[in-house]
Amino acid sequence: MDMLTLSHVSKAFGEHTVIDDLSFSVAEHSVFGFIGRNGAGKTTTINMILGLLRQDAGEIWVNQEPVHYGQTTTNRYVGYLPDVPEFYDFMTPKEYLSLCGDITGMQKAQKNNRITELLELVGLDGINKHIHGFSRGMKQRLGIAQALLNQPLLLICDEPTSALDPLGRKEFLDILSDARQYTTIIFSTHILSDVERICDEIALLNNGKIALCGTLDEIKGLHQGSCLEIVFDSDRDAAAFQGIFPATKQLSDVRLSFDKTTKTDMLHMMQYLAEHHIQIQRMELLEATLEELFMEVISE
Amino acid sequence: MKQLTTFLRKELLYTIRTGRLLILTILFILFGVMSPAIAKLTPWLMEMMSDSLAETGIMITEMEVNALTSWTQFYKNIPIALIVFILMFSNIMTQEYQRGTLILIVTKGMKHSAIVIAKGIVLCFLWTAGYWLAFAITYWYNAYFWNNSIASNIGFSAASFYLLGLWLLSLILLFSVVFTSYSNVLLASGGCFLTVYLLGLFPKLENYLPVKLLQCTNLLFEGSSRPDYYYAVGITLVLCVVNITASILAFNRRTRLKAASQ
Ligand SMILES: Nc1ncnc2c1ncn2[C@@H]1O[C@H](COP(=O)(O)OP(=O)(O)OP(=O)(O)O)[C@@H](O)[C@H]1O
Ligand SMILES: [Mg+2]
């Protein structure tokens, strides 16, 4: 079942079309990475999903229910962590979470248990000062706690890791990994290593459209053939090998690099090496990184 | 209902923790004490100055001070308290827009109407408590020093000014829903008041406008009649209801909950 579906959604601010006929869906219990450079329209899309912004065309469904602009009832399925979460800073984290719990109508005992659990999870337990004195990272932690408070079916995080230090980032991704047991996660970011770490599926937003979409493996597979590097023992061997398999680049006397090599190509080469008793130090198939893939797609 | 009480609790916590409640209490106690104090001190001040004034040729006759003097002072001073109150609370909505604090609340499923109603109740409650506190203090001092029975319509005139305050606060609430900046809210409300004030200068309209309630001091003296004020009271009440209803409707339709400066 799809937890979120966007169908032919468009949005323009004045003359400037930000989202152009965008369609995609997110399956239940997946972690969906929503990627795009600054200004690509990630936040705009998220605001439309939350009913905070009206799309010019198209429809959006959350948990099979249509999203209405304004006070949408679909928000009861959604936990939202904005890029810069803003809280009432005269409250303590506990008081704020309690406020949120009351708004969603949680039972008192359940609410209190959940708050204790979450504060511990995000590492804010025992912090009793007002939110006023919080750092950005601490606010981000409180942000994830409030988003997870009523165990949402759909968790939407807008660039959640950009304010966190490396340790905080790892902790945050761990929290998301745990949360996927009961929720579907959409996660907008431009930090690709985070995407590789936890996302099942990714979509790259470019010029208001999805430029690339699929599972991580599918996307990496798209880029047929990776770069193979061989380091020989002697420069003579290297030169001889060049004669048979012309290298794309000679990195040094003993180092050859072959672009667009498949695994079959690699086997051929290995067979040749073995048959001719050519000794090598190292042979490595370098997979294209997401980054390279995206640069390629975006620059097209 | 639960959402409303939740948000009310949050608003009260805000007024307490930011020190606003304390400032308001001090403000209204001050304004309650001020009027009888000024009345009490006037003859004494006059006496102090009479020597120097006599040299310049002005003669001061014995001044009689009573509860009426104090009540007149009260209605001269209390508009200042109202203005301070308005300056302090005109950002009740706009600061939520400016900071974007409503986004998380609304995406949690908070009803828009509960937000406006809670804000309205808080404004109304603080004005009611503060105003009648000041009134009670003045009343008590007047009874203690002099005798309140000399003034007529004490309750009615006090209620008139109180109602005028409510009308202004309902305007503040309405414009807070419409505008996202503090200064626009103040300008619009001030503009509204000024327009009504200028309209009130036409004798034909005078009795039908909220600004008539500013003249409530006259009621304290014998000879002025209460029925002259009934239209103004009725119309002001209606306007309050209209403003509050319009605020709720407008806020229900409002979807940009964060000011543009992103
Ligand atoms: N309210 C608005 N009025 C006019 N233009 C807007 C508005 N909101 C966003 N835009 C424009 O829409 C485009 C997309 O903005 P958006 O915030 O969705 O990008 P983003 O992908 O979230 O970027 P970032 O990675 O920086 O957060 C930008 O060019 C921005 O200038
Ligand atoms: Mg953004």
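The values are calculated or read from the model by the stated rules, or taken from the named source; none is laboratory data. Quick caveat: nothing in here was measured; it's all calculated off a predicted structure. Cβ sites come from the backbone with ideal geometry, for glycine too, and all protein chains shown count toward neighbours. Note: areas computed on protein heavy atoms with side chains; ligands, DNA, RNA excluded. Shrake-Rupley method; radii C 1.70, N 1.55, O 1.52, S 1.80 Å.
Quick notes on this one:
Okay, residues lined up against (1) within 14 Å of chain A (Cβ to nearest Cβ); (2) among the hydrophobic types (A, V, I, L, M, F, W, C); (3) surrounded by 15 or more Cβ atoms within 10 Å (Cβ to Cβ); (4) under 22 Å from B:Tyr139 (Cα atoms):
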| position | (1), (2), (3), (4) |
| --- | --- |
| B:Leu4 | yes, yes, yes, no |
| B:Thr25 | no, no, no, yes |
| B:Ile29 | no, yes, no, yes |
| B:Ala39 | no, yes, yes, yes |
| B:Leu45 | no, yes, no, no |
| B:Met48 | no, yes, no, no |
| B:Glu55 | no, no, no, no |
| B:Pro79 | no, no, no, yes |
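- Unmet criterion (only one of (1) under 23 Å from B:Cys124 (Cα atoms); (2) within 16 Å of ligand 1 (Cβ to nearest atom)) for B:Lys258: (1)
- Residues that are aliphatic (A, V, I, L, M) and modelled with pLDDT of 80 or more, drawn from the stretch A:217-230: A:Leu228, A:Ile230
- Sole exception among (1) more than 8 Å from chain B (Cβ to nearest Cβ); (2) under 23 Å from A:Leu176 (Cβ atoms); (3) open to solvent by 10 Å² or more (accessible area, probe 1.4 Å); (4) not polar (S, T, N, Q) for A:His68, by number: (2)
- Hey, B:Trp71 assigned to a helix (DSSP H, G or I), out of contact with any Phe, Trp or Tyr (no Cβ under 6 Å at 6 or more places or on another chain) and open to solvent by 70 Å² or more (accessible area, probe 1.4 Å) or not: no
- Complete set of residues in the stretch A:262-293 that are in a helix (DSSP H, G or I) and in contact with a helix residue (DSSP H, G or I) (Cβ under 7 Å, 6 or more places away or on another chain): A:Tyr272, A:Leu290, A:Glu291, A:Leu293
- Criterion: farther than 21 Å from A:Ala40 by Cβ and within 16 Å of ligand 2 (Cβ to nearest atom) - qualifying residue of A:Gly143, A:Gly221, A:Gly168: A:Gly143
- Look at the stretch A:191-207: where a residue is of a type in the set (S, T, N, Q) and a partner is surrounded by 21 or more Cβ atoms within 10 Å (Cβ to Cβ), sitting 6+ places away or on another chain with Cβ atoms under 7 Å, you get A:Asn206/A:Gly36; A:Asn206/A:Ala40.
- A:Gly143 being assigned by TED's automatic domain parsing to the domain that holds A:Thr184, assigned to a helix (DSSP H, G or I), at pLDDT below 90 and buried (at least 17 other Cβ atoms within 10 Å of the Cβ): no
- Only listed residue being in a strand (DSSP E or B) and either within 14 Å of chain B (Cβ to nearest Cβ) or in contact with a Cys (Cβ under 6 Å, 6 or more places away or on another chain) (or both), chosen from A:Val18, A:Val84: A:Val18
- The lone exception for B:Thr180 - which of (1) out of contact with any Ser or Thr (no Cβ under 7 Å at 6 or more places or on another chain); (2) open to solvent by 10 Å² or more (accessible area, probe 1.4 Å) it fails: (1)
- Verdict on A:Gln279 being modelled with pLDDT of 85 or more, open to solvent by 70 Å² or more (accessible area, probe 1.4 Å) and in contact with a strand residue (DSSP E or B) (Cβ under 8 Å, 6 or more places away or on another chain): yes
- Leading residue by the ranking (most open to solvent (accessible area, probe 1.4 Å)) among those in the stretch A:102-121 that are within 26 Å of B:Arg17 (Cα to Cα) and assigned to a loop (DSSP other than H, G, I, E, B): A:Gly105
- Among the residues making up the stretch A:28-56, those that are within 13 Å of another protein chain (Cβ to nearest Cβ), part of a loop (DSSP other than H, G, I, E, B) and more than 9 Å from ligand 2 (Cβ to nearest atom) are A:Leu50, A:Gly51, A:Leu52, A:Leu53, A:Arg54, A:Gln55.
- Of all the listed residues (B:Ala232, B:Ala246, B:Ala259, B:Ala158), the sole one being more than 14 Å from chain A (Cβ to nearest Cβ), within 25 Å of B:Leu102 (Cβ to Cβ) and of a type outside the set (Lys, Arg) is B:Ala246.
- Filter result (near ligand 1 (Cβ under 8 Å from one of its atoms) and farther than 19 Å from A:Cys213 by Cα) within the stretch A:40-52: A:Asn47
- Some residue of the stretch A:70-90 being more than 20 Å from the chain's Cα centre (by Cα) and within 16 Å of ligand 2 (Cβ to nearest atom): yes
- Of the residues making up the stretch A:87-101, those that are at the interface with chain B (Cβ under 9 Å from one of its Cβ atoms) and outside any helix (DSSP H, G or I) are A:Phe87, A:Tyr88, A:Asp89, A:Phe90, A:Met91.
- Restricting attention to the stretch B:226-262 and to residues that are outside any helix (DSSP H, G or I) and open to solvent by 50 Å² or more (accessible area, probe 1.4 Å), the residue that is farthest from ligand 2 (Cβ to nearest atom) turns out to be B:Arg226.
- Exactly one residue out of A:Val9, A:Val26, A:Val31 is assigned by TED's automatic domain parsing to the domain that holds A:Ile202, farther than 19 Å from A:Phe294 by Cβ, surrounded by 14 or more Cβ atoms within 10 Å (Cβ to Cβ) and more than 15 Å from ligand 1 (Cβ to nearest atom): that is A:Val26.
- Single unsatisfied condition, A:Phe90 versus (1) buried (at least 19 other Cβ atoms within 10 Å of the Cβ); (2) away from ligand 1 (no atom under 16 Å from the Cβ); (3) of a type in the set (Phe, Trp, Tyr): (1)
- Index of the failed condition, A:Gly208 passing every other in (1) under 30 Å from A:Val9 (Cβ atoms); (2) open to solvent by 40 Å² or more (accessible area, probe 1.4 Å); (3) touching a Lys or Arg at 6+ places or on another chain (Cβ under 9 Å): (2)
- The lone exception for A:Asp165 - which of (1) open to solvent by 50 Å² or more (accessible area, probe 1.4 Å); (2) within 16 Å of ligand 1 (Cβ to nearest atom); (3) more than 30 Å from A:Ile103 (Cα to Cα); (4) not hydrophobic (A, V, I, L, M, F, W, C) it fails: (2)
- Evaluation of A:Asp259 against (1) surrounded by 14 or more Cβ atoms within 10 Å (Cβ to Cβ); (2) charged (D, E, K, R); (3) not in a helix (DSSP H, G or I) (one fails), failing number: (1)
- Condition met for B:Ser189 (under 15 Å from the mean Cα position of the chain (by Cα), modelled with pLDDT of 90 or more and assigned to a helix (DSSP H, G or I)): yes
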